[in-house]
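Everything on this sheet refers to the single structure shown next.
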Amino acid sequence: MNVLFSFVTLSLVSQSLLAQPKPAARKPIPAKRPVTTQSATTPVKKPVATTTLSAAQPAKAAPVEQEQPRPEQPTTTYVAPKPQAAPANRPAVQNTPTTTSQSHFRIGFRLGGNSSTIGGTDISALGEGVKLARVTGFHGGVIVNIGGPNFSVQPEILYTQYGVRVAAGADYFQLKYNLVEVPILLKASFGQPNLRFFINAGPVAGYTTSGTISVQESGQSQSQALDVTSSGRLSFGASGGAGVALKAGPGSVQLEARYSYLFSSNEDGVALNPQNAMLSVGYLIPLGGK
C-alpha cells in the first residue's frame, strides 16, 4: 500500500512538472516592434525552421551593402595657351614696326627741254625794233645723289644747250652753244615717302664744246659752225630749282623746274651771261640699303 501510494505520488509530481510551461527560446527582437510574451498557460508552439540564438551569442548584424563609388564624370576645363618662349639663340619677336635702312647713294638720269637767252646786254644800242628772243634746246645726263632722305648733295653731268636770238621783224641773228655742264647742288626734301617735294641750289660750271651761228635775212637763211677753240670756253654760274619726287618701283620719278645763270664773255671781252630755264623729268634708283 505504501509502495502504491509512493508510485501515485511520483506520477502526480511528474505530471505537474510536465504540465509547467517550458521557457520560450529567445528570438531576435526586430527593430521598432513591441516584445510579446506568452502566458504560462499558453502552450508553446515549436518554431518551424527558425534559427535561435543563445543568450551567450550576440545577434549578428546583417551585412551592409557598401555603396559602389560612382565613376567620376569627365569634366572639360579650358586651359589658356601658354606663350611659347623664344629660343635661347634667337631674340624674341616683338610686335614693333620694322624699320628699313635708307640708302645713302642714288643714281639716275634726267632729260628735258631748255629755253635760253642772255643777260647783261643793252640791246637797245643795236637799233629800234630790235629785241631778244629765246632759243629752245634740250639737255640730258647723269645725276648722282648722296646723303639722307631729307638733306643730300646732288652732282650732275649734263649735256645742255644755251643760245640767244636777236630779231628785227622776220630777220634774226642767232647763236647756239653746246655745253657740258656740271652743277653741284645742295638738295632738301620733305613730305611723305610716296610723294616728296624738294628744292636745290648750288654752283655750276660749263664747258663749251661746239656752237653754230644762224642768220636769216630777206627770207634767206644760212648757218655755220662757230670756232670755240679761242678763249671763253669755260664759264661759271649758279643754278637752282624745285620739284616733286613720286615713288615708282625701286626708285622715284623726279619732275623739276630749274634756272641756271652763267657768267661768260666772248673773245672781244663783251660780257655774255647765258640764262637757261630747264624743265626736266628724271629717275633716281637707290643703291644698297633695304
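For Q275, the requirement of being of a type outside the set (D, E, K, R) and either without any contact (Cβ under 8 Å) to a residue 12 or more places away in the chain or closer than 22 Å to P155 by Cα (or both) is met. Pairs linking a residue in segment 233-250 that is basic (K, R) to a residue that is outside any strand (DSSP E or B), with Cβ atoms under 8 Å and 6 or more positions apart or on different chains, are K247/P193; K247/N194. The requirement of being of a type in the set (A, V, I, L, M), in contact with an Asp or Glu (Cβ under 8 Å, 6 or more places away or on another chain), within 19 Å of L158 (Cβ to Cβ) and surrounded by fewer than 16 Cβ atoms within 10 Å (Cβ to Cβ) is satisfied by A242. Assess whether Y177 counts as being farther than 30 Å from G249 by Cα, free of Cβ contacts under 8 Å to residues at least 60 places away in the same chain and assigned to a strand (DSSP E or B). Considered against the rule, which asks whether it is farther than 30 Å from G249 by Cα, free of Cβ contacts under 8 Å to residues at least 60 places away in the same chain and assigned to a strand (DSSP E or B), Y177 comes out as no.
Restricting attention to segment 189-207, and to residues there that are part of a strand (DSSP E or B) and either polar (S, T, N, Q) or in contact with a helix residue (DSSP H, G or I) (Cβ under 9 Å, 6 or more places away or on another chain) (or both), which single residue is nearest to P149 (Cα to Cα)?
From segment 189-207, those part of a strand (DSSP E or B) are 189-192, 195-207; that's our starting set.
Still in the running and either polar (S, T, N, Q) or in contact with a helix residue (DSSP H, G or I) (Cβ under 9 Å, 6 or more places away or on another chain) (or both): 189, 192, 200.
Values: S189: 7, Q192: 11, N200: 14 Å.
This residue is S189.
Screening S221 with (1) under 24 Å from A133 (Cβ atoms); (2) outside any strand (DSSP E or B) gives one miss only, at (2).
Just one of V142, V135, V180, V153 is under 54 Å from the mean Cα position of the chain (by Cα), surrounded by 15 or more Cβ atoms within 10 Å (Cβ to Cβ) and under 30 Å from L284 (Cα atoms); which is it? Lay out the reasoning, then the answer.
Working: V142 fails: surrounded by 15 or more Cβ atoms within 10 Å (Cβ to Cβ); V180 fails: surrounded by 15 or more Cβ atoms within 10 Å (Cβ to Cβ); V153 fails: surrounded by 15 or more Cβ atoms within 10 Å (Cβ to Cβ).
Being under 54 Å from the mean Cα position of the chain (by Cα), surrounded by 15 or more Cβ atoms within 10 Å (Cβ to Cβ) and under 30 Å from L284 (Cα atoms) holds for just one of V142, V135, V180, V153, which is V135.
Considering segment 151-168 alone, what residues qualify as being modelled with pLDDT under 90 and either touching a Gly at 6+ places or on another chain (Cβ under 7 Å) or more than 25 Å from L126 (Cβ to Cβ) (or both)? Within segment 151-168, just A168 meets the criteria.
Output yes when any residue across segment 165-174 is over 26 Å from S235 (Cβ atoms), of a type in the set (D, E) and either touching a helix residue (DSSP H, G or I) at 6+ places or on another chain (Cβ under 6 Å) or not in a strand (DSSP E or B) (or both), and no when none is. If you could, list the steps in order and put the result at the bottom.
Restricting attention to segment 165-174, the residues satisfying the condition of being over 26 Å from S235 (Cβ atoms) are 168-171.
Add one more test, that the residue is of a type in the set (D, E), and what stays is 171.
Narrowing further to those that are either touching a helix residue (DSSP H, G or I) at 6+ places or on another chain (Cβ under 6 Å) or not in a strand (DSSP E or B) (or both): none.
Checked segment 165-174: no residue is over 26 Å from S235 (Cβ atoms), of a type in the set (D, E) and either touching a helix residue (DSSP H, G or I) at 6+ places or on another chain (Cβ under 6 Å) or not in a strand (DSSP E or B) (or both).
Taken as a whole, the condition of being farther than 16 Å from N178 by Cα and modelled with pLDDT of 90 or more does not apply to A277.
Scan segment 214-243 for residues that are β-branched (V, I, T) and under 60 Å from the mean Cα position of the chain (by Cα) and the total you get is 2. Of the numbered conditions (1) modelled with pLDDT of 95 or more; (2) touching a helix residue (DSSP H, G or I) at 6+ places or on another chain (Cβ under 6 Å), L132 satisfies every one except a single condition; which is it? Here L132 clears every test but (1). Of all residues in segment 181-206, those being touching a Ser or Thr at 6+ places or on another chain (Cβ under 8 Å) and under 16 Å from F236 (Cβ atoms) number 9.
The values are calculated or read from the model by the stated rules, or taken from the named source; none is laboratory data. Just so you know, these numbers come straight off a predicted model, no measurement behind them. In this analysis, Cβ positions are derived from the backbone assuming ideal geometry, glycine residues included, and neighbour counts consider all displayed protein chains.
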